[in-house]
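Peer 1: Take this structure first; my questions come after.
The values are calculated or read from the model by the stated rules, or taken from the named source; none is laboratory data. What you are looking at is a predicted structure, and each value in this text was computed from that prediction instead of being measured. Because the Cβ atoms are built from the backbone with ideal geometry, glycine has one as well, and the counts that use them run over all protein chains shown.
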Amino acid sequence: MPHRYQLIERIAFSLVVLSAVACSAFIAYEQVPGVKSAMHTGEDILRQSGEYSFACASSVSNVCGQLPVD
């Protein structure tokens with residue numbers, strides 16, 4: 001089999017697997033109530049982490065020491 005057909009086959013297989021994972025995640029999200037609360041909790045944690053990282057990346061010295069840690 002030519003190399004380009006192997007590449008196309010790999011890409012197609014990756015897309016099929018990705019869509020199966022997405023469908024499974026959506027079904028779990030809709031049917032299991034614990035998944036929804038965990039997703040919202042994770043979203044809050046990621047947002048707070050992003051804000052902390054953004055503040056610490058500034059050029060002002062010792063900015064991270066001024067942020068409250070909960």
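Peer 1: Test residue 29 against the stated conditions and say whether it is at pLDDT 80 or above and exposed (fewer than 10 other Cβ atoms within 10 Å of the Cβ).
Peer 2: Considered against the rule, which asks whether it is at pLDDT 80 or above and exposed (fewer than 10 other Cβ atoms within 10 Å of the Cβ), residue 29 comes out as no.
Peer 1: Here is a follow-up. For region 32-58, enumerate the residues that are loosely packed, with under 10 Cβ neighbours inside 10 Å and either of a type in the set (S, T, N, Q) or at pLDDT 90 or above (or both).
Peer 2: 58, the sole residue that qualifies.
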